[in-house]
Structures are given as C-alpha cells and as structure tokens.
Amino acid sequence: MNERKTKHIEQMVERFFLGETTLAEERRLYRLFRRKRLPSELERLRPAFAAFASMDMERPRRTTITATLRRVAIGTAAALAVALCIAAYADFREDRALARLYGGSYVIENGRRIDDLSAIRGDIERTLDDARRIENRATHDFIGAAEQDVLDNITDPEMQKEVEQMLNE
C-alpha cells in the first residue's frame, strides 16, 4: 500500500472515530482491516476494527431474503400442520358422536350389510325423521280420538260445549 493510500485511510479512520463516516465507508474500513497485510501504522487498529466489524448489523441482502423465505416456509408449514390436526380432530369427534348416537346401526343394501356410520348416516337420519312423523301423526290421532271419546260420553250438552272449548284452547 502506498503512502498516499495509507494517509487516506488514516483520515477515514479519524473521521470514523469522530462519527463522520457513512455506512459504506465504515464497511470499507472493516474489509480493509480484515486484510492479512496492513501498513504498520494501521496494524495497531486491527483489533478495534475487528470488534467494530463484529457489531455490524448489516447482513448481505441474499442472506436476509433466504432467512425471510425460510421463516415464511416454516410458518406456512406450521399453519398447515395445525389446520390438518384440527380437521383430523373434528373428523374424529364426528365419528365418536355418530358412534354414540347410532352405534350398532346398519343398513342392508342389495343384500350387503353396511355398518360404516359415516356412509349410512343419511339413511339413519331419514329413517328417524320418518319415525318422528309417524309418531306425531299417531299421537295426534290418538289424542284426537281420546278427546272425541270424552266428548261423546258427556250427556249434558252445556257441559259438552264447555269441555270442547277447553280442549280447543
């Protein structure tokens, strides 16, 4: 290194310690003091600049982008794993609920027994709906017949009208 360059570097070092250098100039000094050979006047500053260089927070852009992409990929994978676990747990809970409600149920279609509750759930629910309709109709018919039987057995016409009004309320 020639004397002119050494003087320029010494001036930049002086500006560095006064806080007047730019980030680009500081990084240039850090690179310079990493060289194997330095003029003897600058050698005494090597440990100080090595320490300053270790505190430099600037990382190469490529490393930052790679780290960011890695974090995004890991976050996406974690979110996907959580979503899959939630879906599996919901499916598990639904299977348990079906087993609790319809355990032991089966359907015979075309001579074949099907006891997979998730496959026959619709058939079971339709059958239960039909049973509720039949029960409601039978209950309604039974109550209507009982009311009519009570009315028919009342001989007093005024009492019969009063009971009929009470039943219709």
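The values are calculated or read from the model by the stated rules, or taken from the named source; none is laboratory data. The structure displayed is predicted, hence computed values, not measured ones. Cβ placement follows ideal geometry from the backbone for every residue including glycine, while neighbour counts extend to all protein chains displayed. Accessible surface is based on the protein model in full, side chains and every heavy atom, while ligands, DNA and RNA are left aside. Shrake-Rupley method; radii C 1.70, N 1.55, O 1.52, S 1.80 Å.
For residues that are hydrophobic (A, V, I, L, M, F, W, C) and open to solvent by less than 100 Å² (accessible area, probe 1.4 Å), scanning just the stretch 7-35, find the one that is farthest from the chain's Cα centre (by Cα).
I9
Which residue out of R100, R126, R121, R113 is part of a helix (DSSP H, G or I) and modelled with pLDDT of 85 or more?
R126
Return yes or no: is R70 modelled with pLDDT under 85, open to solvent by 100 Å² or more (accessible area, probe 1.4 Å) and charged (D, E, K, R)?
Spelling it out, R70 is indeed modelled with pLDDT under 85, open to solvent by 100 Å² or more (accessible area, probe 1.4 Å) and charged (D, E, K, R).
Return only the number of the condition from (1) without any contact (Cβ under 8 Å) to a residue 24 or more places away in the chain; (2) open to solvent by 60 Å² or more (accessible area, probe 1.4 Å) that E41 does not satisfy.
So the condition that E41 fails would be (1).
Do we have any residue at all in the stretch 55-77 that's under 30 Å from Q11 (Cβ atoms), outside any strand (DSSP E or B) and acidic (D, E)?
yes
Just the residues that are polar (S, T, N, Q) and open to solvent by less than 70 Å² (accessible area, probe 1.4 Å), please, taken from the stretch 117-168.
Answer for the stretch 117-168, where residues must be polar (S, T, N, Q) and open to solvent by less than 70 Å² (accessible area, probe 1.4 Å): T139, Q160.
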